[in-house]
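Structure, as structure tokens:
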Amino acid sequence: MAENLVCTTLQGGRYEGILTGAAQTEIEALHRGKIIGIAQLAPHPEEEGAVAVSLDLPIEVVSDGVQVVGLRSTASGDVLDRVTLMAGSALDEDIRGEIALLRDELEMLKRAFRRHCAETGQD
């Protein structure tokens with residue numbers, strides 16, 4: 001059975017999840033190629049054979065732009081889950097630009113639809 005990590009909550013900078021299918025492993029948190037933390041593992045209280053995973057994300061990962069933290073098994077080397085954080089003024093500008101493009105495209109579609117309806121006599 002392959003290792004599988006599923007996030008159950010991410011709140012207040014604390015990641016919690018359930019790991020199944022793992023033998024002896026640790027979960028490392030990676031950010032920009034560096035290990036930034038090791039998750040705490042404990043037997044899951046409700047699921048036999050499952051492991052409860054918890055990790056406090058360091059404050060350093062909260063910064064402008066898009067930050068991705070990979071959660072990697074030390075046994076297999078596979079990244080089992082990712083946490084993506086998006087913040088900052090650079091992101092706001094990207095979102096505003098995308099919204100402006102969407103508005104322009106919507107206006108173009110509305111004009112084309114109205115023209116089509118006028119040409120075919122449909123309302």
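Results, tabulated for the structure shown:
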| item | result |
| --- | --- |
| Per-region count, the range 11-70, residues polar (S, T, N, Q), touching a strand residue (DSSP E or B) at 6+ places or on another chain (Cβ under 9 Å) and assigned to a strand (DSSP E or B) | 4 |
| Single match in Ile18, Ile27 (criterion: surrounded by 16 or more Cβ atoms within 10 Å (Cβ to Cβ), in contact with a His (Cβ under 8 Å, 6 or more places away or on another chain) and of a type in the set (Val, Ile, Thr)) | Ile18 |
| Test: residue in the range 88-101 that is within 16 Å of the chain's Cα centre (by Cα) and either in contact (Cβ under 8 Å) with a residue 24 or more places away in the chain or not in a strand (DSSP E or B) (or both) | yes |
| Close pairs (7 angstrom Cβ cut-off, 6 or more residues apart or separate chains): free of Cβ contacts under 8 Å to residues at least 24 places away in the same chain in the range 112-123, exposed (fewer than 10 other Cβ atoms within 10 Å of the Cβ) and not hydroxyl-bearing (Ser, Thr, Tyr) anywhere | Cys117/Asp123 |
| The range 1-27 residues that are without any contact (Cβ under 8 Å) to a residue 24 or more places away in the chain, paired with ones that are among the aliphatic types (A, V, I, L, M) and surrounded by fewer than 11 Cβ atoms within 10 Å (Cβ to Cβ) (beta carbon under 7 Å, 6 or more apart) | Gly21/Met1; Gly21/Ala2 |
| Selection count where residues are touching a Leu at 6+ places or on another chain (Cβ under 6 Å) and touching a residue at least 40 places away in the same chain (Cβ under 8 Å), scope the range 37-61 | 1 |
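Values quoted throughout were computed directly from the atomic coordinates according to the rules given, and no laboratory measurement underlies them. Being a predicted model, the structure only gives us computed values, none of them experimental. Don't worry about glycine lacking a Cβ; one is built from the backbone with ideal geometry, like all the others, and counts go over all protein chains shown.
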